Structures are given as structure tokens and as C-alpha cells.
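This report concerns only the one structure given below.
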Amino acid sequence: MTLPEGTAEELFFDTYGRAPEGLWASPGRVNLIGEHTDYNDGFVLPFALPERTVVAAAHAEGPQWTVRSDLTAETVHFGRDDLVPGKIKGWAGYVAGVVWALVEAGHQVPPADLMVSSNVPLGSGLSSSHALECATLTALAGLGGFDIPGMDAAKLVQRTENLYVGAATGLMDQAASLLCTAGHALFLDCRTLETEQIPLDLTGAGLALLILNTNTKHSHADGEYAKRRQSCERGAEILGVPALRDIAVTDLPDALAKIDDDVVRRRVRHVVSENARVQETVALLRAGSVREAGPLLTASHASMRDDFEITVPQVDTAVEAALAAGAYGSRMTGGGFGGCIIALTDVDQAASTAEAVEAAFAAAGFRAPDWFTAVPSAGATQLRLS
Ligand code: ADP
Ligand code: MG
């Protein structure tokens, strides 16, 4: 299989008739644990995938930016007048939005010719949109000769998604894409923005982390996401705290007793218990006990299914089948209402676990899933400057 860097370089040449000045890559990510905790000022634990988006770039001759992707048949041009939130729609809006956020932050962004190639699955909760934005940002900073510290870059990408594209996403995905290092997960405190690289040596532990894409996406996902956020805000308000992060898991019974509304109560229970599970997972990984984290993954899934109500039959079936096949732990990963599940298995059991899920899907009449095993990989990198 051709890697995206090879494709990006070749298609840059075909499209623009010259070699790129450089290639920049940013990966997709998977969240090991910590779902819907980010906007509650809580904890998340993602790691970067080897699957990544590459942007080949060079200074443009004229005043415009031009972008093309191997996934779309269009070439999109935009100029300074288009740097208005929402003006460039569709996939190129992620690119124009990064230029907009950089210009707004006072950077001299050089007009550029860009070619995008990616092997991150699109729309599956592995954050292809952030991979595209982060690769674009690092490419433009590289071409422009300015350096943006990782967390500042992550905040600019968040502005791109929230204000230019109009997606109410948090900080986790771009922080992972920019800051992860190979062989580690990134423990991110979404309040203080402190990060810690946590060793995640799956191979050394004889384990594999299976990522299985259920190929489902609920059409009401955005509205449901907004409702979950509102319930969490309501919970914090009832409990008199700035965010649900401020409720310790040991105080959970008392806190729940103060909430009349059953839905809000269950949403609060998910967020508070999930924050505790992230911290417990981090403690286990620091001690090199990867396998022992399995039950925490499974408990996270049960909490998302029963308390946060963000799973769908396909992801529940996949998790049940993976556990029945002997996985140490399994959960949906990502915002919910479809997308991917992860399962922690012995290294030689990953394929048979995936096959068990495939069989369960066939029996239930669901569309066949895709799967691969995840390797904790490096975040954004500059591949080469020619
Ligand atoms: P996710 O980030 O989970 O993959 P999103 O819906 O947030 O899902 O982002 C997917 C969208 O991002 C695609 O529909 C497309 O508009 C854009 N996108 C991501 N990667 C690329 C790419 N390599 N080329 C063109 N567009 C891309
Ligand atoms: Mg996205």
C-alpha cells in the first residue's frame, strides 16, 4: 500500500508542476479511556495512530491558497476575503479555517499550494478532521517559518473547528494529534491543560489493541451531543461546582442524592466515575499493568451505555462479542452514536476476536465492520524539507 507521504508528494507534482518544499504529517487518534469528560474539565487518555494525514506544501506564486485532496476530485482556491467563518464549506473549510485561525492570531501565513493525502478513516471517530487541521497548521507554520508551541497550536485548531467549521468539539483530538509520542498515551487534564506521556507498551505486555469500526453513524449525533453537554452543565449547577470535574468519586453518592432529575443524575454519574476510571488507568499503566486496565475499559462502556446513553446496538453488540471471545476489556471510543470500539486482547487473539465480532454482526444483520490493530505512535511531524 502506498503511504500518504508518497501519494501527497507525487500528486503535488502532478497538480502544481513542481516539487513541494516540504511534507508535514499529523495522525488520527484513538481515546483509550475518558469519554465526554473533556468539556467537563476532566481527564482523557488518547494515543496517536500510525494512520495519518500528510500535507505537501509550497509557497504559492499568487496571493491565494489552493488545496487539493486525494479523497476529493476538487481543487479549492481561497483568498484573504474568504477567511470568514463558514465561508468555505465542506472539506476545504477545515483548511481555510486553519488559515483563518492563524491569521486571526497574528501570524503571517504565506499563500500556499497544498496537497493532502490521508489513510485515516473518515468520519469514524478517529479524528480525520483534526489530523487534516493539524497537518495543515504545521505545514503553514513550517512554510511561514514560525513556531507555535503545541498547546497553543491545539487551541488554534479548536477555534478552527468551533468557529470556522462550526463543530462543538473539545481540545482532546488536536492535542493528541500534535503532542503524542510513540509508545505512549497522552494524559491530558482538560482544565489545567497539563499533559503527561504515559508509557503504553502493548507489544511488551504481549497484548494488542483492536480497533473495530462499526461503520455506523447516527444522524442525530450532533443534537444528542449538545443535549449531553447541557445535562452536564445542569448537574454542575445543581451541585454548585464550576464543572463536574470538581466532584470526587468518593463524594458521588452524596452528590447524586442532591439531584432530582433522573437523566441528569445518570449523566453526572457517568462523568464523575469516568474521570476516576481515567486516573485508575493511568496509575495501572504507570505500573506497567496494561492488562489489568481491561475491566476499566469495560466499565467505561457500561457507563456510556446505561448512564450516558450514547451507544447504539452495533457498538454494544461489538463490545459483547469481543468480551465473549476473551478480550480483557472493550469499549466504544469517541463521541458515540456509532463509530469504533476498542478491545484489549492477547497479541495472537486480535484477529480471532475481530472474527467473532464479524460473525455476531452477520448474525444480527449489521453491515460488516472493518478492523485493524493500533500502535501508539508519534504526533505531528515534519517529514522532510526538500
Ligand atoms: P472524524 O474527524 O471523526 O473523522 P469528522 O466528520 O469530524 O469525522 O471529519 C470528517 C471530515 O473531515 C470529512 O467529511 C472531510 O470533510 C474532512 N476530511 C478529513 N480528512 C480529509 C482528507 N484527507 N481529505 C479531505 N477531507 C478530509
Ligand atoms: Mg472530527
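The values are calculated or read from the model by the stated rules, or taken from the named source; none is laboratory data. Only a predicted model underlies this, so the values are computations on that prediction, with no experimental measurement involved. We place every Cβ from the backbone using ideal geometry, glycine too, and count neighbours over all the protein chains shown.
Against the numbered list (1) at positive phi; (2) touching a residue at least 60 places away in the same chain (Cβ under 8 Å); (3) more than 16 Å from ligand 1 (Cβ to nearest atom), residue 123 comes up short only at (3).
Just one residue in the set 47, 78, 43 is over 30 Å from residue 301 (Cβ atoms) and in contact with a Ser or Thr (Cβ under 9 Å, 6 or more places away or on another chain); that residue is 78.
Specify the residue that is surrounded by the most Cβ atoms within 10 Å (Cβ to Cβ); the eligible residues are those in segment 336-371 that are out of contact with any Pro (no Cβ under 9 Å at 6 or more places or on another chain) and within 30 Å of residue 23 (Cα to Cα). Selected residue: 339. Collect the residues in segment 107-136 that are within 12 Å of ligand 2 (Cβ to nearest atom) and under 17 Å from residue 57 (Cα atoms), keeping them in residue-number order. Hits for segment 107-136 are 131, 132, 133, 134.
Candidates 202, 239: the one that is in contact with a strand residue (DSSP E or B) (Cβ under 9 Å, 6 or more places away or on another chain), buried (at least 17 other Cβ atoms within 10 Å of the Cβ) and at pLDDT 95 or above is 202. Whether a residue is closer than 22 Å to residue 297 by Cα, not in a strand (DSSP E or B) and not acidic (Asp, Glu) was assessed, and residue 245 passes this test.
When segment 223-240 is filtered for residues that are at negative phi and free of Cβ contacts under 8 Å to residues at least 24 places away in the same chain, the ones remaining, listed by number, are 223, 227, 230, 233, 237.
One line per residue, one yes/no per condition, for (1) of a type in the set (Lys, Arg); (2) in a helix (DSSP H, G or I); (3) under 28 Å from residue 236 (Cβ atoms); (4) within 20 Å of the chain's Cα centre (by Cα):
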position	(1), (2), (3), (4)
269	yes, yes, yes, no
278	no, yes, yes, yes
289	no, no, no, no
297	no, yes, yes, yes
301	no, yes, yes, yes
308	no, no, yes, yes
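Considering segment 137-186, and only residues there that are within 16 Å of ligand 2 (Cβ to nearest atom) and not in a helix (DSSP H, G or I), the residue that is nearest to residue 26 (Cα to Cα) turns out to be 171.
Quick grid of which residues meet (1) within 13 Å of the chain's Cα centre (by Cα); (2) away from ligand 1 (no atom under 16 Å from the Cβ):
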position: 130; (1), (2): yes, no
position: 137; (1), (2): no, no
position: 155; (1), (2): no, yes
position: 177; (1), (2): yes, no
position: 187; (1), (2): no, yes
position: 204; (1), (2): no, yes
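For segment 75-127, a residue qualifies if it is of a type outside the set (A, V, I, L, M, F, W, C) and in a helix (DSSP H, G or I), and the qualifying residues are 80, 81, 82, 93, 94, 97, 104.
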